[in-house]
1. Which of the strands (runs of 3 or more DSSP E) contained wholly in the stretch 17-63 include at least 3 residues that are surrounded by 13 or more Cβ atoms within 10 Å (Cβ to Cβ) and of a type in the set (Val, Ile, Thr)?
2. Name the single residue that is surrounded by the fewest Cβ atoms within 10 Å (Cβ to Cβ) among those in the stretch 70-93 being outside any strand (DSSP E or B) and of a type outside the set (Gly, Ala, Ser).
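Where a number appears in this text, it was derived from the coordinates with a stated rule and is not lab data. None of the values given here were measured: they were computed from a predicted structure. When we count neighbours, we look across all protein chains shown, and the Cβ atoms used for this are built from the backbone with ideal geometry, even at glycine.
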Amino acid sequence: MLWTALACLQKTGLAAATQNEIKVSPTVARKEVFIEGNFTSAHLFNLEGVEVVSIEDNQRAVPVEGLTPGMYILQVHTVSKEICKFKIIVLGN
């Protein structure tokens, strides 16, 4: 399943994400979540707000294997200074 952010947070407020800017798949995963598009970094947070994984733009896969099953928030920082958020569900092995 492939998801495109519907809205991204800019310094000036919400803005519609361009159709080709950031795409994330799968949003339900056991091992990895892949990011397509131009971004500078991505950060995965648990629902308590604790960052559990961080990657830079030279990586395209967010490793989720070994994380506690449940819902997470993936924040992707774009090259245009937007922050796009995606809900990610991590399944147990």
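1. Numbers: elements: 22-25, 32-37, 39-46, 51-56, 61-63.
Hits in the stretch 17-63: 51-56.
2. Restricting attention to the stretch 70-93, the residues satisfying the condition of being outside any strand (DSSP E or B) are 79-82, 91-93.
When the remaining residues are screened for being of a type outside the set (Gly, Ala, Ser), the result is 79, 81-82, 91, 93.
Values: VAL79: 11, LYS81: 12, GLU82: 21, LEU91: 13, ASN93: 8.
Taking the candidates together, the pick is ASN93.
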